[in-house]
Amino acid sequence: MTDWFERLKQTGVIPVVTLDSAADAPFLASALMGGGLAAAEITFRSDAAAESIFRIRESEAELFVGAGTVLSPETLRDAVSAGAQFIVAPGFNPKVAEAALDTGIPYLPGVMTPTEIEAAMSMGFSALKFFPAEAAGGCAILKALSAPYRSVRFMPTGGITLDNLGDYLSLPSVFCCGGSFIADKARIAAGDFDGIRETARKTSELVRKIRGGIHV
Ligand code: 3PG
């Protein structure tokens with residue numbers, strides 16, 4: 001598999017983060033790295049997304065930073081210009097997929113149904129965000145979907161917490177999970193980067209424990 005896939009897999013859990021102020025970006029990046037999570041998805045749900053990605057690339061070169069909630073080719077291009085290293089979306093949009101193929105940036109489209117999985121596969125995408133994971137049926141539906149789509153690897157996101165993370169990461173079809181629980185809006189607003197570092201630490205420890213130090 002590719003380098004980007006390995007980086008996400010090794011990190012195990014990708015913090016999904018919305019920053020309202022790009023000034024917080026270096027603190028966030030430092031807290032995540034300090035807690036042992038070397039990747040993040042910065043969502044385009046705020047005007048500060050592109051500048052946040054840019055600042056993270058400047059301040060924490062080791063952090064693998066992607067853009068989330070990428071709903072249009074224009075947003076994808078903004079994300080790439082800012083330095084995003086991968087693209088995530090809640091759904092599968094062929095126009096965004098084309099733009100990702102044009103620029104060559106890794107794209108993890110969101111899927112929830114067999115039809116969406118096949119649409120993504122038909123354009124060459126096999127690492128897919130499964131969203132919204134818990135609301136869609138959690139591990140049970142992922143197990144069912146993995147039977148016919150054996151080559152697909154999922155990043156379940158939506159409702160993931162420290163309590164259910166182990167169940168998801170134990171599934172062979174799951175290469176990593178995404179979640180906002182590590183750096184939630186309330187703690188970012190409060191400037192609680194120590195708290196974010198602590199949750200990142202607990203999360204990365206759990207990933208190591210579940211995987212027994214062996215990369216599957
Ligand atoms: C996402 O954008 O991927 C989700 O909003 C994250 O879901 P969560 O907040 O339940 O982790």
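The values are calculated or read from the model by the stated rules, or taken from the named source; none is laboratory data. These numbers come from a predicted model, not from an experiment. So basically every Cβ, Gly included, is an ideal-geometry build from the backbone, and we count neighbours across all protein chains shown.
Data for the structure
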{"read-out": "Residue within segment 121-130 that is within 15 Å of the ligand (Cβ to nearest atom), in contact with a Ser or Thr (Cβ under 6 Å, 6 or more places away or on another chain) and either in contact (Cβ under 8 Å) with a residue 24 or more places away in the chain or within 19 Å of Ser151 (Cα to Cα) (or both) present", "value": "yes"}
{"read-out": "Checking Ala119 against (1) over 24 Å from Gln10 (Cα atoms); (2) among the aliphatic types (A, V, I, L, M); (3) assigned to a loop (DSSP other than H, G, I, E, B), the condition it does not meet", "value": "(3)"}
{"read-out": "Qualifying residue in segment 65-88 (condition: among the aromatic types (Phe, Trp, Tyr) and more than 15 Å from the ligand (Cβ to nearest atom))", "value": "no"}
{"read-out": "Set Thr157, Thr161: member being surrounded by fewer than 16 Cβ atoms within 10 Å (Cβ to Cβ), within 15 Å of the ligand (Cβ to nearest atom), of a type in the set (S, T, N, Q) and within 17 Å of the chain's Cα centre (by Cα)", "value": "Thr161"}
{"read-out": "Search result, residues across segment 201-213 that are surrounded by 19 or more Cβ atoms within 10 Å (Cβ to Cβ), of a type in the set (Val, Ile, Thr) and away from the ligand (no atom under 15 Å from the Cβ)", "value": "Val207"}
{"read-out": "Conditions (1) away from the ligand (no atom under 13 Å from the Cβ); (2) in a helix (DSSP H, G or I); number of the one not met by Tyr168", "value": "(1)"}
{"read-out": "Single residue of segment 178-200 satisfying the filter (in a loop (DSSP other than H, G, I, E, B) and more than 23 Å from Lys129 (Cα to Cα)) that is farthest from the ligand (Cβ to nearest atom)", "value": "Gly191"}
{"read-out": "Given (1) farther than 29 Å from Ala23 by Cβ; (2) modelled with pLDDT of 95 or more; (3) not β-branched (Val, Ile, Thr), number of the condition Gly212 does not satisfy", "value": "(2)"}
{"read-out": "Residue that is under 20 Å from Ala200 (Cβ atoms) and in contact with a Pro (Cβ under 7 Å, 6 or more places away or on another chain), where the choices are Leu28, Leu32", "value": "Leu32"}
{"read-out": "Extreme residue, nearest to Ala183 (Cα to Cα), among residues of segment 40-85 that are surrounded by fewer than 24 Cβ atoms within 10 Å (Cβ to Cβ) and touching a residue at least 60 places away in the same chain (Cβ under 8 Å)", "value": "Phe64"}
{"read-out": "Of all residues in segment 175-208 being farther than 19 Å from Thr11 by Cα and among the basic types (Lys, Arg), the one that is nearest to the chain's Cα centre (by Cα)", "value": "Lys185"}
